[in-house]
Amino acid sequence: MTGAGEAKRDGESRIDRRRLRTRSALLGAGQKLFADRHIDGVTIDDIVEAADVAKGSFYNHFDGKESLADAIIELVQGDCEREVFAVNLDIEDPSVRVARAMAALIRYARQHPDRYQSMVNLAKRRADINAPINAGARRDIGAGIASGQFAGISVEMGVMVMLSMIAQAVDYISTTPNVRSHKAVAREMAFMLLRALGVNSETAGSVSEIAIADLFNTKG
């Protein structure tokens, strides 16, 4: 009985691993395809061909391409939230937190271009300031306003400015041949964000320089 039980568990384990590999392949294929095309221009056949899996296997994991898109958005948003949480651990200053959050997302987009771009293309909700992924930005900008560091802007507009600047920075990095230092781009975008939030030029310059110093390697 023991041998039979172990064999059964081994068989179930192999099935689970195979299911995970298939799901991972579908998610990876979806990220690449949705990064390049609108969801309406991608078919299930395109996805399973890119993933190198049988079409029937697709429906063991997803109801359709919309549910695959939702899974990709959830996956990438989770990644982004963890990135921002990690770089801001034990940091309390709102200006530094906002600058580091922006730089962390620019860095993530550079490291995972297909993954990030697929989320941008799919997540029309990204401009919704009440979306869960924007909770940290709302909190930090609100804290900056309450402390007097940020002025002349509401939480809502502050979040919108931050989202727009991140999107522009990522687009610049991804479409510009021989882009200059990613660190320099992140630093300048952080500076402009802080200025838009009402921080004076001298403070914005010093904070943006210090805030992202450890987030990019020397090669940029």
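Taking the stretch 81-112 as the range and being of a type outside the set (A, V, I, L, M) and either surrounded by fewer than 14 Cβ atoms within 10 Å (Cβ to Cβ) or under 14 Å from residue 199 (Cβ atoms) (or both) as the test, the residues that pass are 82, 85, 90, 92, 93, 94, 95, 97, 111.
The number of residues in the stretch 148-201 being part of a helix (DSSP H, G or I) and not aliphatic (A, V, I, L, M) comes to 15.
Summed over the stretch 64-85, residues that are closer than 25 Å to residue 206 by Cα and either β-branched (Val, Ile, Thr) or at pLDDT 95 or above (or both) total 1. Of the residues examined, residue 199 is not one that is in the same structural domain as residue 118 (by TED's automatic domain parsing), at pLDDT below 95 and either under 12 Å from residue 103 (Cα atoms) or buried (at least 17 other Cβ atoms within 10 Å of the Cβ) (or both).
Checked against (1) in contact with a helix residue (DSSP H, G or I) (Cβ under 6 Å, 6 or more places away or on another chain); (2) in a helix (DSSP H, G or I); (3) at pLDDT 85 or above, residue 91 passes all but condition (2). Would you be able to say whether some residue in the stretch 167-181 is under 22 Å from the mean Cα position of the chain (by Cα), surrounded by 15 or more Cβ atoms within 10 Å (Cβ to Cβ), free of Cβ contacts under 8 Å to residues at least 60 places away in the same chain and farther than 20 Å from residue 123 by Cα? Scanning the stretch 167-181, I find no residue that is under 22 Å from the mean Cα position of the chain (by Cα), surrounded by 15 or more Cβ atoms within 10 Å (Cβ to Cβ), free of Cβ contacts under 8 Å to residues at least 60 places away in the same chain and farther than 20 Å from residue 123 by Cα, so the answer is no. Please tell me if residue 77 is within 23 Å of residue 184 (Cα to Cα), among the polar types (S, T, N, Q), touching a residue at least 12 places away in the same chain (Cβ under 8 Å) and in a helix (DSSP H, G or I). So residue 77 fails the test.
Take the conditions within 22 Å of residue 90 (Cα to Cα), surrounded by fewer than 13 Cβ atoms within 10 Å (Cβ to Cβ) and in the same structural domain as residue 79 (by TED's automatic domain parsing) and apply them to residue 211. Does it pass? Here the answer is no, as residue 211 does not meet what is asked. Can you confirm whether residue 145 is closer than 24 Å to residue 28 by Cα, out of contact with any Asp or Glu (no Cβ under 7 Å at 6 or more places or on another chain) and in a helix (DSSP H, G or I)? Taking the combined requirement at face value, the residue does not satisfy it. Selection of the stretch 140-166 for residues being among the charged types (D, E, K, R) and within 20 Å of residue 106 (Cα to Cα) yields only 140. Scanning the stretch 196-209 for residues that are over 17 Å from residue 146 (Cα atoms), under 24 Å from the mean Cα position of the chain (by Cα) and without any contact (Cβ under 8 Å) to a residue 60 or more places away in the chain turns up just one, 209. Just give me the residues in the stretch 122-135 being assigned to a helix (DSSP H, G or I) and either buried (at least 19 other Cβ atoms within 10 Å of the Cβ) or among the hydrophobic types (A, V, I, L, M, F, W, C) (or both), in sequence order. Scanning the stretch 122-135 gives 122, 127, 133, 134, 135. Scanning the stretch 109-153 for residues that are modelled with pLDDT under 90 and among the small types (Gly, Ala, Ser) yields 109, 118, 123, 127, 131, 135, 136.
The values are calculated or read from the model by the stated rules, or taken from the named source; none is laboratory data. Note that the structure is a prediction, hence the values are computed from the model and not measured. Neighbour counts are summed over all protein chains in view; Cβ atoms, including those assigned to glycine, are modelled from backbone coordinates with ideal geometry.
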